[in-house]
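*Asks:* Could you have a look at this structure, given as structure tokens, before my questions?
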Amino acid sequence: MQNNMKHIQSLFVACLMAFPTMTHAQARTFDFTKSQPVYSDATGYGYDIIAAPKKAGQTFFFSVKVPDGNYRVSVVLGSKKADAITTVRAESRRLMVENCATKKRQQKTYTFIVNKRSPKIDDKHSVRLKDRERGYLDWDDRLTLEFNGVNPSVSKVTIEPDTVATTIFLCGNSTVVDQSREPWASWGQMITRWFGPEVAISNHAESGLTAGSFLAGNRLDKVLAMMHKGDYVICEFGHNDQKEKGPGAGAWYNFQYNLKKYIDLVRQKGGNIIFVTPTQRRRFDDSKTKIMETHGDYPDAMRDVARRENVPVIELHDMTRTFFETLGYNDSKRALVHYPMGSFPGQTRELADNTHFNPYGAYEVAKMVVMGMKKLQLPVLSALSSDWKDFDPSHPDDFHTFVWYPTPLTDTTKPDGN
């Protein structure tokens, strides 16, 4: 009996040594004042994506293998040896902690929710990923955190499953998706910055998609499989839908028909559905003062369905028009992927994209979406971050003072869609 007890105790100790410290049931704590391994399936955690830091104060990624779900993440930031500015992002560049400044020996703790998912829906069905998505951190088997900034410093990270947070699911295209690499960015990966640990953002958008191809790719099925009663589903479509051809194509039939499917299916599961009119393209008239309409009937078709079905609408179409016109013909380029040749590794030509946002533009558009949510008086806004300040697109933040520490991953290939 005594030998058996010793054997059981030995196994217990071995299990504890095999995993990081457990603060309570299913919580995993990682102490970065001590050595951590490079990620492998054997350890299930460790430095990932780029080479492990050789010394303190370098940008790094850290991954933990976890099942699908929402996770409450707490990070203790700061260094005993030096001042630091630390930015924390999750998965594919979702902004969670923005430029946390700490003095020497000062520490600050932040808590937020990260949604982790895989393509699997059930034993027979999965999301139909595009080839470009197969390397996305959003779809793999682990939760990944990026620590960036000036002397980025973290002493402890705790990750635990969360089953009580309200989830906001995002459906859309390249103006919404978690863009995985610099210099591209979208509002869906910036809006995470403005919600506290009572809310998770689960972004299922992908470049080039229409309302119909999103459905055909089993993406709404994935959302519905993850969704709980009271969660939100926010849909922005229109950019790519207007390019569809064939029988039934068009704003007033196929587009509206597909939007009605979203409404019915989300409501059947007890969810709250919200529509977002598409972001404007940067196309000025001959006077170079007014934005030209390039979306045809699609914004009006979305508004029409919303009126008939009593769906709340966030008027991003109007707010981004005001934003571009306020910045003006030249400075509006500062919100989009406009960069001279050689701005990024391997960039052999100028980038001049009038649809896709850079980090500054995406950050501003995310604020517009939050303001749209405030106008609708959504209950979920009780979880807004304490440092939120109301935003007016006719008085945008100064792009000269916007600070973004680039992820050390770049790709100058234009995303699908336009």
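The values are calculated or read from the model by the stated rules, or taken from the named source; none is laboratory data. Everything numeric in this text was worked out from a predicted model, so none of it was measured. For neighbour counting, all protein chains shown are included, and Cβ atoms are generated from backbone atoms with ideal geometry for every residue, glycine included. We work out accessible area using only protein heavy atoms, side chains counted, and drop any ligands, DNA or RNA first. Shrake-Rupley method; radii C 1.70, N 1.55, O 1.52, S 1.80 Å.
*Asks:* Hey, any hits in region 330-338 for a residue that's without any contact (Cβ under 8 Å) to a residue 60 or more places away in the chain, closer than 30 Å to Ser92 by Cβ and of a type in the set (D, E, K, R)?
*Replies:* Yes, some residue in region 330-338 is without any contact (Cβ under 8 Å) to a residue 60 or more places away in the chain, closer than 30 Å to Ser92 by Cβ and of a type in the set (D, E, K, R).
*Asks:* Among the numbered conditions (1) open to solvent by 10 Å² or more (accessible area, probe 1.4 Å); (2) charged (D, E, K, R); (3) modelled with pLDDT of 95 or more; (4) closer than 24 Å to Phe62 by Cβ, tell me where Arg128 comes up short.
*Replies:* Result: Arg128 passes all but (4).
*Asks:* Let me ask another. Which numbered condition in (1) open to solvent by less than 90 Å² (accessible area, probe 1.4 Å); (2) modelled with pLDDT of 95 or more; (3) in a loop (DSSP other than H, G, I, E, B) is the only one that Ala25 fails?
*Replies:* Result: Ala25 passes all but (2).
*Asks:* So Ile50 ticks every box in (1) in contact with a Leu (Cβ under 9 Å, 6 or more places away or on another chain); (2) under 22 Å from Ser202 (Cα atoms) but one. Which box is left unticked?
*Replies:* Only one criterion is unmet by Ile50, namely (2).
*Asks:* Let me ask something else. Restricted to region 137-152, and to residues that are open to solvent by 10 Å² or more (accessible area, probe 1.4 Å) and touching a residue at least 40 places away in the same chain (Cβ under 8 Å), which residue is nearest to Asn358 (Cα to Cα)?
*Replies:* Restricting to residues being open to solvent by 10 Å² or more (accessible area, probe 1.4 Å) and touching a residue at least 40 places away in the same chain (Cβ under 8 Å), the top hit is Gly149.
*Asks:* Checking the structure you have, find out if any residue of region 112-121 is of a type outside the set (S, T, N, Q), more than 18 Å from the chain's Cα centre (by Cα), surrounded by fewer than 21 Cβ atoms within 10 Å (Cβ to Cβ) and closer than 20 Å to Asp221 by Cβ.
*Replies:* Yes, some residue in region 112-121 is of a type outside the set (S, T, N, Q), more than 18 Å from the chain's Cα centre (by Cα), surrounded by fewer than 21 Cβ atoms within 10 Å (Cβ to Cβ) and closer than 20 Å to Asp221 by Cβ.
*Asks:* Next question, about the same structure. Is there a residue being touching a residue at least 60 places away in the same chain (Cβ under 8 Å), more than 19 Å from the chain's Cα centre (by Cα) and farther than 22 Å from His295 by Cβ anywhere in region 227-248?
*Replies:* Yes, that holds for at least one residue.
*Asks:* So, in region 382-409, of the ones that are in contact with a Lys or Arg (Cβ under 6 Å, 6 or more places away or on another chain) and either over 22 Å from Tyr110 (Cβ atoms) or surrounded by fewer than 16 Cβ atoms within 10 Å (Cβ to Cβ) (or both), which residue ends up modelled with the lowest pLDDT?
*Replies:* Here the answer is Leu409.
*Asks:* Something else: Would region 157-173 turn up any residue that is in a loop (DSSP other than H, G, I, E, B) and either open to solvent by less than 10 Å² (accessible area, probe 1.4 Å) or at positive phi (or both)?
*Replies:* Yes, some residue in region 157-173 is in a loop (DSSP other than H, G, I, E, B) and either open to solvent by less than 10 Å² (accessible area, probe 1.4 Å) or at positive phi (or both).
Table: residues versus (1) open to solvent by less than 60 Å² (accessible area, probe 1.4 Å); (2) small (Gly, Ala, Ser); (3) out of contact with any Ser or Thr (no Cβ under 7 Å at 6 or more places or on another chain); (4) more than 26 Å from Gln179 (Cβ to Cβ).
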residue	(1), (2), (3), (4)
Ser40	yes, yes, yes, yes
Asp48	yes, no, no, no
Ala52	yes, yes, yes, no
Arg72	no, no, no, no
Ser79	yes, yes, no, yes
Ile85	yes, no, yes, no
Leu95	yes, no, no, no
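*Asks:* For region 187-243, enumerate the residues that are of a type in the set (Gly, Ala, Ser), part of a helix (DSSP H, G or I) and surrounded by 24 or more Cβ atoms within 10 Å (Cβ to Cβ).
*Replies:* Gly188, Ala211
*Asks:* Sticking with this structure for a sec: So is Thr192 more than 19 Å from Val88 (Cβ to Cβ) and of a type in the set (S, T, N, Q) or not?
*Replies:* No, not satisfied.
*Asks:* Going through region 352-381 one residue at a time, which ones are among the hydrophobic types (A, V, I, L, M, F, W, C), open to solvent by 10 Å² or more (accessible area, probe 1.4 Å) and outside any helix (DSSP H, G or I)?
*Replies:* Ala352, Leu376, Leu378
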